[in-house]
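Novice: Let me begin by handing over the structure; questions about it come next.
The values are calculated or read from the model by the stated rules, or taken from the named source; none is laboratory data. Keep in mind it's a predicted model, so treat the numbers as computed, not measured. Neighbour counts are summed over all protein chains in view; Cβ atoms, including those assigned to glycine, are modelled from backbone coordinates with ideal geometry.
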DNA sequence: CTGAGATGGCAACAATATAACAACTCGGCC
DNA sequence: GGCCGAGTTGTTATATTGTTGCCATCTCAG
Ligand SMILES: [Zn+2]
Ligand SMILES: [Zn+2]
Ligand SMILES: [Zn+2]
Ligand SMILES: [Zn+2]
């Protein structure tokens, strides 16, 4: 499946391959996250999922998020208590996030040097890494240009 | 002031140099964090500060933490919603944390290669870094040894 | 068809963090 | 000493984020 294919379609096929179900609620959450250009909090997703008067309860969203996180379809931005869709969920990866506190845009990068140096640093301490949280908060290029 | 001097004493002198006050509440919070061998949540600190029947309110702790964070005397572990005392607060530094999910111990390291590669990765995107959150969750050497 | 397992709805709750305002403390100054 | 003002703390209430438990419903293999 080429990179250009729609993320939702790719997610669908990933789930099929793994024998798990991308159910309606899960797909809705993923779609909402992918449509947003910035991370969304769980309760923002909840709000976006409202269907007329019908309002959903938090567990619905958190369960969907748990599933999506587990399968690497979304990432959690710890420093923001928010979630973003992943752009290349085909392979497990440890990525880093550049978070602009001005415009709110979050860029996911996967820098080999960072991953490697972090691995080495852990190794030196005899530490077995399992999960990595790497978030850089600052000003993106656009906002830096705009505001001097 | 040599590295061997007690952290509280060093904190005192740092605050004096900067013309800010390490008040009783702030010193208490710092002392509690430094006495702990693992990160503490704000409400755990609150509990530790209880003095007989007299119970404090959350803002007291959060305000002290704000001050200590601002002056680099403590760090926040974002992935845990918890706080640790810094062992070398004399100079501003961007550190990384190795977090053992088994014994709860958190080790602060300051790896030049990590800092440097992360800086380069941000530069490539024209991103101006201001704050860095680097946390590795896994198993520490002791626990790895113990549990195979 | 049927039963086990996965999923979703719902209500209550727990944990983390902040807002707003009043009261107090500590310097410097007259 | 007495006064003032900035910074600090106390207090109450509230906002935000995340979880648990229970049961209804749906799905799918056998
Ligand atoms: Zn990703
Ligand atoms: Zn920006
Ligand atoms: Zn430090
Ligand atoms: Zn350990």
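Novice: Among what's in the range B:131-142 and is away from DNA strand C (no atom under 16 Å from the Cβ) and at the interface with chain A (Cβ under 8 Å from one of its Cβ atoms), pick the residue that is farthest from residue A:130 (Cα to Cα).
Specialist: Filtering the range B:131-142 for residues that are away from DNA strand C (no atom under 16 Å from the Cβ) and at the interface with chain A (Cβ under 8 Å from one of its Cβ atoms), the one farthest from residue A:130 (Cα to Cα) comes out as B:132.
Yes or no, residue by residue, for (1) under 29 Å from residue B:102 (Cβ atoms); (2) surrounded by fewer than 17 Cβ atoms within 10 Å (Cβ to Cβ); (3) within 9 Å of DNA strand D (Cβ to nearest atom):
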{"residue": "B:11", "(1), (2), (3)": "no, no, no"}
{"residue": "B:14", "(1), (2), (3)": "no, no, no"}
{"residue": "B:20", "(1), (2), (3)": "no, yes, yes"}
{"residue": "B:26", "(1), (2), (3)": "no, no, yes"}
{"residue": "B:30", "(1), (2), (3)": "yes, no, no"}
{"residue": "B:52", "(1), (2), (3)": "no, yes, no"}
{"residue": "B:58", "(1), (2), (3)": "no, yes, yes"}
{"residue": "B:64", "(1), (2), (3)": "no, no, yes"}
{"residue": "B:67", "(1), (2), (3)": "no, no, yes"}
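Novice: Give all pairs with beta carbons closer than 8 Å in which a residue from the range B:65-90 that is closer than 14 Å to residue B:108 by Cβ and within 14 Å of another protein chain (Cβ to nearest Cβ) meets a residue that is within 8 Å of ligand 3 (Cβ to nearest atom) and assigned to a loop (DSSP other than H, G, I, E, B); count only pairs at least 6 apart in sequence or on separate chains.
Specialist: From the range B:65-90, the pairs are B:75/B:86; B:75/B:95.
Novice: Residues that are in a loop (DSSP other than H, G, I, E, B), crowded, with 20+ Cβ neighbours inside 10 Å and either within 16 Å of ligand 4 (Cβ to nearest atom) or modelled with pLDDT under 95 (or both): does the range B:136-144 have at least one?
Specialist: The answer is yes; a qualifying residue exists.
Novice: Let me ask something else about it. Can you tell me which residue in the range B:107-130 is nearest to ligand 3 (Cβ to nearest atom), limited to those that are in contact (Cβ under 8 Å) with a residue 12 or more places away in the chain and at the interface with another protein chain (Cβ under 7 Å from one of its Cβ atoms)?
Specialist: B:109
Novice: Please work out if residue A:35 is farther than 24 Å from residue A:142 by Cα and surrounded by fewer than 18 Cβ atoms within 10 Å (Cβ to Cβ).
Specialist: Criteria not met by residue A:35.
Novice: To continue, here is another question. So, in the range A:11-47, how many residues would count as being within 20 Å of residue A:107 (Cα to Cα) and in contact (Cβ under 8 Å) with a residue 60 or more places away in the chain?
Specialist: 4
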